[in-house]
């Protein structure tokens, strides 16, 4: 009988130690599950934030591309206008030159006619001299008009040249701004793609960590659940009672 008690006590002590180890493992698994769940939740949240940032970058990229297209179109239109103004200035300059030459020729003829009229007046031809005087006056008026138009044309040509230069500078500036907007759009597009990839990685990591946390939680719950006692063996349960000893004869 004392031997049996000693064995039972040792077995109970061993079971207690095993149970304590199981509970400690359950606590550790539960703690690890909570930590893994927290990390997984943070990664999922980070992935959502990165996805939102990727969408924002994408929208900004599209807006920059639209601004770049608008600036480039305006720059091209301004440069085309500058070419037209410059061409008009060249025409005005050409016409001004023609008018100037015509005015100078008319002025020269007017002077020659005036001299001829004065000579005829001196030789006693007053009628012809008067006619040549009127003709010289008319020619002088035509010359003054031509020279006036030449001056106006020169002013127009100079103004057109100046305006064409300003329009060209403005057009080049707008084209430069368009290129900068396109560069900004490309940079934002690259940032959007990178952020979207980061969002996918964070979401995948978070899902894996949450799955691991769930698995650890299951292990902790299983370890914390007390085991059912082992049933008695069939041999012991079916052992027949001992027969009483027969009396000796």
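Each reported figure results from applying straightforward, stated rules to the coordinates on display, with no laboratory input. Bear in mind that the values here come from a model prediction, so they are computed numbers and not experimental data. For neighbour counting, all protein chains shown are included, and Cβ atoms are generated from backbone atoms with ideal geometry for every residue, glycine included.
Counted by neighbouring Cβ atoms within 10 Å, the residues 120, 172, 132 run from fewest to most as 172, 120, 132.
Panel order for 104, 216, by other beta carbons found within 10 Å of each beta carbon, from fewest to most: 104, 216. Only alpha carbons enter this Debye calculation for region 51-172, each as an equal point scatterer, and the log10 of I(q)/I(0) it gives at q = 0.14 Å⁻¹ is -0.75. A full extension of the chain between residue 56 and residue 31 corresponds to an added length of 5.2 nm, given 0.36 nm per residue minus the alpha carbon distance. Full extension of the chain between residue 104 and residue 152 yields a length gain of 15.7 nm, computed as 0.36 nm times the residue separation minus the alpha carbon distance.
A straight chain from residue 91 to residue 221 at 0.36 nm per residue would run longer than the Cα-Cα distance by 37.3 nm. Computed from the Cβ-Cβ distance with R0 of 51 Å, the FRET efficiency linking residue 173 to residue 137 stands at 0.40. A Stokes-Einstein calculation at 25 °C with viscosity 0.890 mPa s, built on the Kirkwood radius of region 91-228 over Cα pairs, returns a diffusion coefficient of 104 µm²/s.
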